[in-house]
1. Quick test of your reading of the structure: Val116 fulfils all but one of (1) more than 16 Å from the ligand (Cβ to nearest atom); (2) part of a strand (DSSP E or B). Name the failing condition by number.
2. Quick one: count up the residues across the range 60-97 that are closer than 17 Å to Tyr37 by Cβ, within 16 Å of the ligand (Cβ to nearest atom) and either not hydroxyl-bearing (Ser, Thr, Tyr) or not in a strand (DSSP E or B) (or both).
3. Any chance the range 223-237 includes a residue that's away from the ligand (no atom under 16 Å from the Cβ), within 18 Å of the chain's Cα centre (by Cα) and either surrounded by 14 or more Cβ atoms within 10 Å (Cβ to Cβ) or basic (Lys, Arg) (or both)?
4. Of the residues Thr199, Thr165, Thr132, Thr189, which is under 23 Å from the mean Cα position of the chain (by Cα), over 28 Å from Thr27 (Cβ atoms) and among the β-branched types (Val, Ile, Thr)?
5. List the residue pairs whose Cβ atoms are under 6 Å apart, where the first residue sits in the range 216-228 and is over 13 Å from Gln266 (Cβ atoms), the second is basic (Lys, Arg) and assigned to a strand (DSSP E or B), and the two are 6 or more positions apart or on different chains.
6. Scan the range 24-46 residue by residue and report those that are within 14 Å of the ligand (Cβ to nearest atom), crowded, with 23+ Cβ neighbours inside 10 Å and touching a residue at least 24 places away in the same chain (Cβ under 8 Å).
7. Among the listed residues Pro182, Pro131, which satisfies the condition of being assigned to a loop (DSSP other than H, G, I, E, B) and surrounded by 16 or more Cβ atoms within 10 Å (Cβ to Cβ)?
8. Only one of (1) without any contact (Cβ under 8 Å) to a residue 12 or more places away in the chain; (2) in contact with a Leu (Cβ under 8 Å, 6 or more places away or on another chain) is not met by Leu381, so which one is it?
Amino acid sequence: RAAVDPHRPAYHFTAPAGWLNDPNGLTQRDGVYHLFYQLNPYAPVHHRIHWGHAVSTDLVHWRDLPIALTPSDGPDVDGCWSGVLVYDGDTPTIVYSGRHGDRELPCVATGTPDLVEWTKAAEGPVIAAPPTGIDVTAFRDHCVWREGETWRQLIGSGIRGQGGTAFLYESPDLREWTYVGPLLVGDSTLGDASAPDWTGTMWECVDLFRIGEEDAEPRDILVFSAWDEGVTHHSLYWSGHYEGDRFTPAALHRLDLGGRYFYAPQSMRDESGRRLMFGWLQEGRPDSAAVAAGWSGVMSLPRVLTLAADGSIRQAPAPEVDELRDEQLASLSTVLSAEPAEVARGDELDLELRLTIPDEGAVTIALRATGDDTERTILRLQRHGDRAELSLDRTRSSLNPEVDASPRSGAVPVDADGGVDVRILVDHSALEVFAGGIPLTARVYPTRADALGIRLSGDDVVVQGHVWSMRTVAREAGVPTA
Ligand code: DQQ
């Protein structure tokens, strides 16, 4: 572990060493949360991916366990790609994508009750090829659930010339699968490939779940990550209605305004019935910088998903994250002005604010700012009636010209009184912002050690709330993963 890398998060989960990408196999069993994840333990590059494994009882302190899946001679010789964990009766079973050459096929492995040791099914891939007669762009990642006596599975894919899709399969035993058909097919000719809601030519990491079960009108949500020719665009979701063999979409939404910085998410229903989600915070610095640092990739904080009245999703950090608060650095109840006011300093912070913004007014939050403003990251909320435009300006986040400085923005809801609840989690290079329940995730890489200031400004904006420093989460002594 490169202890001196100032960009390495202190309270987000990262791999002990090497490369991390997608969350996999999310499970809670007997109170214990299991986080598996795409891992290359040998180098911070995406190569011959293993399944890392960590456990927690509170979603924020993790203990490393031995690597769960390692590529071996056979269908996963080139990598154990993303997938899920289900219980077949009492038998924990992982369904994942075995990579061989440039193809992926569904493989299964069964585990010991503690989910530590895994045995791959001897028969190899459980589906021998993508559906015949369809020209697919790719075929990987799995969402598996049970309906009565039948297992159902979605596999992410794309139909060349049409768009991304999720193929639906059925099985009595997780081994013999019958192709049912595409659950839904996107249209990649709609909109520009650079648009923040372009649906891509392939859907990675499809995830189907019902939300708001206790509400009068629950919704079905189909999450996917739009991919095209090796480019990871962003995660989106359809809200709609799943019935029979079809998903009838009502609306398409961006899952996170940060686009590729919250990618390949997976969700789970925990033992208390919450819908939790983790996603992969990709790097925004060159591969060479990650190689020099010895690590790459951050796991998001756990998020709780809820249903909003309009049928879309609201997201918030799980309340367990509050346990990491250390010292209260500021308690705010004030009216801001155009002159920026420093409210706190730090690079391991949690800000919980209620901002009341006059109509057509705006508030600006500078983060990771040096005193002379040479480096600073700007968040802005510009209100227009019952919406506000949340934007992220990274043009001066870093003096290093090699890091990504592209902007991010999108609409968030504003309450009738002009108020917006804003939560900002700063953790070195990791930044997770929630405004009105809409997240914006990104990475920033200031070069100066004094890029620590938090400054607020905005004419007649009322701010109430608190700023805390966060605890560094020590890695619990565990099994080295490589
Ligand atoms: N990452 C995995 C794939 C998935 C992609 C490979 C998404 O299974 O499609 O590491 O980031």
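The values are calculated or read from the model by the stated rules, or taken from the named source; none is laboratory data. Predicted, not measured: the structure shown is a model, and the values here were computed from it. No Cβ is skipped: glycine too gets one built from the backbone with ideal geometry, and neighbour counts run over all protein chains shown.
1. Evaluating Val116 over (1) more than 16 Å from the ligand (Cβ to nearest atom); (2) part of a strand (DSSP E or B) leaves (2) as the failure.
2. 14
3. no
4. Criteria check complete, one pass: Thr199.
5. Pairs found: Pro218/Arg210; Asp220/Arg210.
6. Across the range 24-46, the qualifying residues are Asn24, Gly25, Phe36, Tyr37, Gln38, Leu39, Pro44.
7. Only one candidate qualifies: Pro131.
8. (1)
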